[in-house]
Every structure is written in C-alpha cells, then in structure tokens.
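A.B. asks: One structure, as structure tokens, below. Some questions next.
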Amino acid sequence: MCNKKINFEELKKIDIKTVNIENLVDIESINIDTDLSYEEKLEQYIEQVKNPFFIKVGNFIVKQIFEEDENSLTIERCMQGLADNA
C-alpha cells in the first residue's frame, strides 16, 4: 500500500515545460504483476512512476490526461482512494 498521501491535484498541475526527463520513469521499465487485483496493479504502477501524469517514452516526455466525469471512476479517483486508505 502507498505509504504517504499523494496530492494528485498538485501533480496534475505541473507544467510539462518544467519536467526534467531524467527524473521520469521510462514506460519500458515499468513492470506490473498481472496476477494482482486491479487496485494492486494501480498501486504498483503509482509506486514505480511516482507521478502518474508524466512518463518517459524513449526520448519524449508524455503527459497523461485522464477524463474527468462525475459519473465515471477515473484513475485519479482510484489513486486518491488508494492514497487515502494508506
């Protein structure tokens, strides 16, 4: 389980122009245990990437944006739920 509260709103607000590519995790190096539950896979992903809104793909910085709909279960809500229950 995540050991600390993660402020996903603050992570989401980071300007891509200020992100240092050397501090990002390359998507190729992420390993998720497929035998885990959905929540455990999500937790494992967050632990590896640190900021789920930014990843490195080769020599490129990718900012991931998640749909915000009050009726849908977004990755942000899942991540916040995991962080809140830590």
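The values are calculated or read from the model by the stated rules, or taken from the named source; none is laboratory data. Note that this is a predicted model, so its numbers are computed, not measured. Backbone-built Cβ (ideal geometry, glycine too); neighbour counts: all protein chains shown.
A.B. asks: State the number of residues belonging to the stretch 3-26 that are within 12 Å of the chain's Cα centre (by Cα) and surrounded by 13 or more Cβ atoms within 10 Å (Cβ to Cβ).
C.D. replies: Going through the stretch 3-26 one residue at a time, the tally reaches 6.
A.B. asks: Whether any residue in the stretch 6-26 is among the polar types (S, T, N, Q), modelled with pLDDT under 90 and at negative phi is what I want to check.
C.D. replies: Among the residues of the stretch 6-26, at least one is among the polar types (S, T, N, Q), modelled with pLDDT under 90 and at negative phi, which makes the answer yes.
A.B. asks: While we're here: Starting from residues that are among the hydroxyl-bearing types (Ser, Thr, Tyr) and loosely packed, with under 13 Cβ neighbours inside 10 Å, keep the ones in the stretch 27-68 and report whichever is modelled with the highest pLDDT.
C.D. replies: Among those residues, the one meeting the criterion is 29.
A.B. asks: To continue, here is another question. Which of the residues spanning the stretch 34-68 are outside any helix (DSSP H, G or I), without any contact (Cβ under 8 Å) to a residue 24 or more places away in the chain and under 23 Å from residue 5 (Cα atoms)?
C.D. replies: If the condition is that a residue be outside any helix (DSSP H, G or I), without any contact (Cβ under 8 Å) to a residue 24 or more places away in the chain and under 23 Å from residue 5 (Cα atoms), then 36, 37, 64, 65, 66, 67, 68 are the ones that fit.
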